[in-house]
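Read the structure below first, then the notes.
The values are calculated or read from the model by the stated rules, or taken from the named source; none is laboratory data. Remember, predicted model here, so these are calculated numbers, not experimental data. All Cβ positions, glycine included, derive from the backbone under ideal geometry; neighbour counts span all protein chains shown.
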Amino acid sequence: MRALRVGVVGLGWVAGAHIETWKSVPGVTVAAVCDVRPLDEGELQKSLGVPVKLYSDYRAMLAAPTLDIIDICTPNKFHPEQAILAAQAGKNIFIEKPIALGYDDAKAIKLAIAKAKVKACAGLECRFSKQFIMMKSVIDEGLLGDLHYGEIDYYHGIGPWYGQYAWNVKKDGGGSALLSAGCHALDGLLLAMQAPVIEVTSYSAKSTSPHFAEYEYPPCSVTILKFEGGKIGKVSASIDCLQPYYFHVHLVGSKGSLLDDKIYSEKIAGLVKEKWSSLSTAMLSSGDVTDHPYKPQFEAFATAIRANATMPLTDFDTAFESFRVVYAADRSAAEGRPVRLSEFA
């Protein structure tokens with residue numbers, strides 16, 4: 001089995017976590033790195049622990065015939081152009097979230113991927129977390145019955161103390177509370193509710209704390225979602241909160257409810273309705289990229305490439321639908337009105 005060879009563009013914080021993960025995936029080799037900063041290839045190889053080729057010209061890296069995967073870890077505003085060029089070069093693509101800061105760019109990426117018939121994965125790795133795997137299992141086993149309400153919320157204060165703060169505060173950097181990080185919560189809710197969204201209403205706000213004064217967009221939002229079939233949901237995204245990291249999950253169904261890592265279900269005989277029963281799992285409890293569940297996601301992507309199959313959970317088309325809802329929510333907050341998903345056809 002020939003090793004899949006990866007080229008990483010953008011040597012920042014998240015790229016370091018990606019490279020370490022790729023190194024642990026059987027049959028995958030990190031072969032190239034591209035960055036605009038002046039770097040020494042020998043020192044880079046020593047720090048990464050792998051014999052990579054260093055590029056300063058992205059198009060030159062794409063021209064390397066031995067590269068199978070391009071892993072895009074650059075600032076968000078560069079994702080569309082770099083993804084389209086990678087697709088046109090016939091490379092399989094991993095795109096860190098968000099896939100793009102706007103719908104038109106996301107749609108252009110989707111069309112380029114479809115035309116080139118390459119495989120693509122998006123950085124919504126929380127779907128591979130033990131918490132979300134447990135959540136999905138509880139739903140699939142019918143322990144909650146038919147869901148009619150769900151809320152998944154993201155609380156993570158990204159202030160001057162945090163590595164990505166300098167670029168995250170920019171409108172063309174973080175983009176919005178949802179695009180910056182809250183997309184993980186919205187994507188998780190779509191995974192849970194298992195129904196298309198037909199309309200969203202979103203509101204945004206900004207903390208008066210001086211820690212968050214540099215934000216060029218409101219770093220807090222709440223979105224109400226209306227799904228096909230009558231289900232409803234809510235997603236809060238706050239990256240201007242002063243509190244511990246918290247990924248809140250509350251799902252309500254006809255047979256029971258799930259609250260984070262706790263459950264009540266009429267399908268389990270003998271439970272006391274007045275008390276939650278605990279489910280032992282690893283919770284999403286940190287924004288540190290070294291804690292993210294990249295390995296099962298990267299393994300699934302490599303397996304899909306070899307099998308010429310669609311990868312589970314975070315293939316580009318699935319991610320595109322989640323971000324379509326994000327774009328609708330951001331439009332709703334900006335224009336002060338409900339937005340139907342049909343506006344993003």
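Worth a mention:
- Any hit, the stretch 279-287, residues being touching a residue at least 24 places away in the same chain (Cβ under 8 Å), farther than 24 Å from I158 by Cβ and exposed (fewer than 15 other Cβ atoms within 10 Å of the Cβ): no
Quick grid of which residues meet (1) surrounded by 17 or more Cβ atoms within 10 Å (Cβ to Cβ); (2) of a type in the set (D, E, K, R); (3) within 27 Å of V326 (Cα to Cα):
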residue: V14; (1), (2), (3): yes, no, yes
residue: I19; (1), (2), (3): yes, no, no
residue: P26; (1), (2), (3): no, no, no
residue: D57; (1), (2), (3): no, yes, no
residue: P65; (1), (2), (3): no, no, no
residue: P80; (1), (2), (3): yes, no, yes
residue: P98; (1), (2), (3): yes, no, yes
residue: Y103; (1), (2), (3): yes, no, yes
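- The condition of being touching a strand residue (DSSP E or B) at 6+ places or on another chain (Cβ under 8 Å) and within 16 Å of F316 (Cβ to Cβ) holds for only one of A32, A100, A86, A114, that being A86.
- All positions within the stretch 209-238 that are over 24 Å from R337 (Cβ atoms) and of a type outside the set (D, E, K, R): S209, P210, H211, F212, A213
- Condition check for K130: assigned by TED's automatic domain parsing to the domain that holds A302 and touching a residue at least 60 places away in the same chain (Cβ under 8 Å): no
- Any hit, the stretch 149-162, residues being touching a strand residue (DSSP E or B) at 6+ places or on another chain (Cβ under 7 Å) and within 21 Å of C34 (Cβ to Cβ): no
- Within the stretch 1-19, the only residue that satisfies the criterion of being charged (D, E, K, R) and modelled with pLDDT under 95 is R2.
- Taking the criterion of being among the hydroxyl-bearing types (S, T, Y) and either farther than 17 Å from V14 by Cβ or at pLDDT below 95 (or both), the residues of the stretch 122-153 that qualify are S137, Y149.
- Only one of the numbered conditions (1) outside any loop (DSSP other than H, G, I, E, B); (2) surrounded by fewer than 19 Cβ atoms within 10 Å (Cβ to Cβ); (3) β-branched (V, I, T); (4) not assigned by TED's automatic domain parsing to the domain that holds K119 is violated by V326, and that is (2).
- Close contacts from the stretch 219-234, counting a first residue that is assigned by TED's automatic domain parsing to the domain that holds Y154 and a second that is hydroxyl-bearing (S, T, Y) and buried (at least 16 other Cβ atoms within 10 Å of the Cβ), with Cβ to Cβ under 6 Å and a gap of 6+ residues or different chains, come to C220/S238; S221/S202; S221/S204; V222/S236; T223/S202; I224/T201.
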